[in-house]
1. When each copy gets a label point 7 Å from Cα toward the beta-carbon at E:E28, what are the spacings between them in nm, shortest first?
2. Given N residues in the range E:24-87, what is its alpha carbon radius of gyration divided by 2.2 N^0.38 Å?
3. Assigning unit charges at the beta carbon (Lys, Arg +1; Asp, Glu -1) and nothing else, what dipole magnitude in debye, to the nearest 20, does the range E:32-109 show about its Cα centre?
4. Along Cα→Cβ at 7 Å, what distances in nm separate the E:D115 label point from those on the other copies, shortest first?
5. Relative to the Cα centre, what is the charge dipole magnitude of the protein assembly as shown, using +1 at the beta carbon of each Lys and Arg, -1 at the beta carbon of each Asp and Glu, and rounding to the nearest 20 debye?
6. Rank-order E:119-126, B:140-147, B:83-90 by packing density, defined as the average count of other C-beta atoms within 10 Å over each peptide's residues, highest first.
7. With +1 on each Lys and Arg Cβ and -1 on each Asp and Glu Cβ, and nothing else charged, work out how big the dipole of chain D is about its Cα centre, in Debye to the nearest 20.
8. Just to be sure I understand: with springs between alpha-carbon atoms less than 10 Å apart, which residue in C:D100, C:D13, C:D157 has the highest mean-square fluctuation in the Gaussian network model of chain C?
Number of protein chains: 6
Amino acid sequence: MRPISRFGVPPLDELPDDVRERIDQVGEKTGFVPNVFLALARRPAEFRAFVAYHDTLMDKESPGLSKADREMVVVATSAANDCTYCVVAHGAILRIRARDPLVADQVASNYRQADISPRQRAMLDFALRVATAPATVEDEHLAELAEHGFDTEDVWDIGAIAAFFAQSNRLAQLMALRPNPEFHLLGRVPRER
Amino acid sequence: MRPISRFGVPPLDELPDDVRERIDQVGEKTGFVPNVFLALARRPAEFRAFVAYHDTLMDKESPGLSKADREMVVVATSAANDCTYCVVAHGAILRIRARDPLVADQVASNYRQADISPRQRAMLDFALRVATAPATVEDEHLAELAEHGFDTEDVWDIGAIAAFFAQSNRLAQLMALRPNPEFHLLGRVPRER
Amino acid sequence: MRPISRFGVPPLDELPDDVRERIDQVGEKTGFVPNVFLALARRPAEFRAFVAYHDTLMDKESPGLSKADREMVVVATSAANDCTYCVVAHGAILRIRARDPLVADQVASNYRQADISPRQRAMLDFALRVATAPATVEDEHLAELAEHGFDTEDVWDIGAIAAFFAQSNRLAQLMALRPNPEFHLLGRVPRER
Amino acid sequence: MRPISRFGVPPLDELPDDVRERIDQVGEKTGFVPNVFLALARRPAEFRAFVAYHDTLMDKESPGLSKADREMVVVATSAANDCTYCVVAHGAILRIRARDPLVADQVASNYRQADISPRQRAMLDFALRVATAPATVEDEHLAELAEHGFDTEDVWDIGAIAAFFAQSNRLAQLMALRPNPEFHLLGRVPRER
Amino acid sequence: MRPISRFGVPPLDELPDDVRERIDQVGEKTGFVPNVFLALARRPAEFRAFVAYHDTLMDKESPGLSKADREMVVVATSAANDCTYCVVAHGAILRIRARDPLVADQVASNYRQADISPRQRAMLDFALRVATAPATVEDEHLAELAEHGFDTEDVWDIGAIAAFFAQSNRLAQLMALRPNPEFHLLGRVPRER
Amino acid sequence: MRPISRFGVPPLDELPDDVRERIDQVGEKTGFVPNVFLALARRPAEFRAFVAYHDTLMDKESPGLSKADREMVVVATSAANDCTYCVVAHGAILRIRARDPLVADQVASNYRQADISPRQRAMLDFALRVATAPATVEDEHLAELAEHGFDTEDVWDIGAIAAFFAQSNRLAQLMALRPNPEFHLLGRVPRER
């Protein structure tokens, strides 16, 4: 079995306090520590910037863009980049946020045939453009989002999430980052089991 | 929620006996009838040819190519084609055949980082070439498989499975074929639960 | 000169009766035995499934889709896959079916500039989508075919032929299947010569 | 049936003398006037430059690069560009120059499986690189040609022919240039018929 | 530092008179001899055809297509081909012709976000199609240019310039042609400095 | 002329103190405020994370990876993404850091023909892989960097810079971010002018 990261994982007790505390915190909330935290902690300054960037884009809920929508952008663009870690980890979060055990697999394999709303479809079309053909983003594509009721802040968020995960996917693939086994099953069976 | 197939599904009692019997048989064995059988039954002659082709390639186990290996070829090439039905359905079968709850998600997202043997890696490299760049298959690629211990029949099988699912993927996408919900969870949790 | 197939060709007298009879039959009808029959006969079960699938899709004529139309789908999609055998062999059949010595070369090199009807153009646009970007097939593309007068069965046929030859092309390229020399000239000169 | 060129063809008697004489000359030699001459004559200065460039590269035979080899470069690169006119017209010339009725169809559909020498294969690999990924041409690729016995002038010629037909293909496609029907059959049957 | 051309540069005094005179002439006009002239002079016949073709397309100004427009086509298509020489050299000429120090860098990196008119945008969309996907040029694309006021001769010119530089780019990349250092700065600062 | 950003730029006096101070600081150092600071300041939390991430990767000099090398990675990967802002702005910084007025244009148009060392070439090959085909990053590619003397931290840096600018490029293209005119000329002429 492959290691968590090509670059190894630092001993927790050698980490700066704020980094270790953040890791403890996510471990308590999730029930395990997602490997991306351990792998990135090898570079505390990058860890801090990454987590700050992530949280300001993802730990947010606006009338136009739910947390589930945001995760859907992550899964669709990460799948386009063939990023195992992000597809598996954020697939789990999407299942939980959307309370839907099927949608993540659908979006990861071919979002064009997923059970999503036309509004979500427009969101993913735009996100995929930012992710895979960013030079072709034009005013008309932002206007299409507006027609589906996304306001300016939503458009920025969709684009910025796609951009941030363009980075995250590449970091995970640079590291050959391994998803925690727990992610594969999360959100697939009712919580009470 | 989308229908099973863009072309609809025929009433079971209007099907020719052999087709209906085959469907009953797979339903008993699997516990549910995979949607591909229902959707293809709309055209009995194609149903028969498809099933015959599938079974002669997939219901076979050779010293060089296990049933799990064969399913791994299906998952990897179907993922390259973004085929939701085949990734989800054969991902389930791969989990069961390989007795591994993680490998299907790994192979579907990026087989280059999956926990597979060098031999399986060579198998998938060849299968992906057949699936996505068939005009570039050359003698040297067959020779590489031989170096990993695959014999001539194995090479034919790997290539023929990739070719057969090039067809299956396209049929499923033509139909927007919907995976049965059961597939998403199959093989992820121990059987006895 | 390269052999007929990388995997060789079995002695005719060692083949199961039904396979040999089918080969004799096509030899009598065509005047020579197309190499695909010889090469596939190495695996009788696959031979039978392949031929059955082929015939149910191709030996059919519907008001909306002539045999020449079907061959045109084969030539256009096989050319997109750079499959020498299928382009040469089905190019010959297209010339004969369409009674046109030029159209196969036009369709094989660039169907967008071929002397075909707008209806055939729509048919090829759809077939090419199934062949080369199947994940992008959406309801609107089926609707476009309907606008050109193709009914539901025609749409299935066009898509299924493109899918079946996605497989055939890959098999031929796996084998480096050699077209019979006769195909290159067939249908180029008036029959009576 | 489509016209010879999207831009039309000028009346022969309105052409400058030298252009008309050149057209007469090629008509006498070939037995018909290839449409590219008629279409380009609309712009006499471009006609002259095009013909001069063509002749200095193609009407040449060196120990390392026969006229048949040169035509083979044209057919392979024009096929990669999906240029109907150049594939059909230069396919005919290749058949004649190589005295081989099959090689043009092989090279046009997939040169990797054509009956050509390793030396010709190396020539086409290089030509295709120039034609389709010119930014990736590196010293090592020129060195590979040298290993196959091509001298510096041959390398220039192979590259320059691929470059010249990158232009020709695009001109022909800009015009939707129609191949003369005669080309389709030329070189396929013995001359004396 | 790399040489001017992989194929070397001939001694000026060994060149035919007309070639040397042309080189002297451009040297006087520009203040230095652009390397493409030196590199191509190695083959006088090709030099003459190339220069003749270039001049008839580029040394022309029509009501619909200024010299700056023509250079813009060169820069945009050469950038799509990643051709260092043509981007740098014609970027300089574009800056001068357009009297704009910024537009060449914009067009070279992403013409979709450049400060150009809708008419120029349509021109570049068409030119890029000819340069990178010539098989897809259809009547409707020529009609779009007409809607922006380009007449038939302009359309030919735009397409022919894109085609000619498809050749030039490939020649420059075959040679690894080095831009003269002067080009990098030309047109970036006011002349009087 | 297009605006600085599709999303507008906030009034400086409405920004949080730390953001405004950072902007003042860079303005003093550079002589003008690069537009990316103004555009991103619209979202202070993202501004802070972006700047922190940027600085920890780029304001660093290690024995194996100079600041000029880091900028070279930015220019090459941003050019592959067709990002006008990053190519122009970081092209300027590269010219300054490398004290070379030509290298940025070379790297931006085709780094394979740039005047760079084999070590820098290996660095860019890896960075481009991370930028454009991240799923294909394998252990062997990291080993190739090690052979050129890059240590583990250098490899992380190269990959992380490519990843960070995958994000930056997409943000800039989402905004249609306009490079400051000053960047186009910076580093092209000796400082004392």
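Each value in this text was obtained by applying a stated rule to the coordinates, not by laboratory testing. Computed from a prediction, not measured in an experiment: that's the story for all the values here. Note that each Cβ is placed from the backbone with ideal geometry, even for glycine, and that neighbours are counted across all protein chains shown.
1. Shortest to longest, the spacings are 4.2, 5.6, 8.5, 8.5, 9.8 nm.
2. Dividing the Cα Rg of the range E:24-87 by 2.2 N^0.38 Å gives 1.22.
3. In debye, rounded to 20, the range E:32-109 gives about 220.
4. Taking the point 7 Å beyond Cα along Cα→Cβ, the inter-copy spacings are 3.1, 5.3, 5.3, 5.7, 6.3 nm.
5. 0 debye
6. Put in order of decreasing packing, that is B:83-90, E:119-126, B:140-147.
7. Using only the charged Cβ atoms, the result is roughly 860 debye.
8. C:D13
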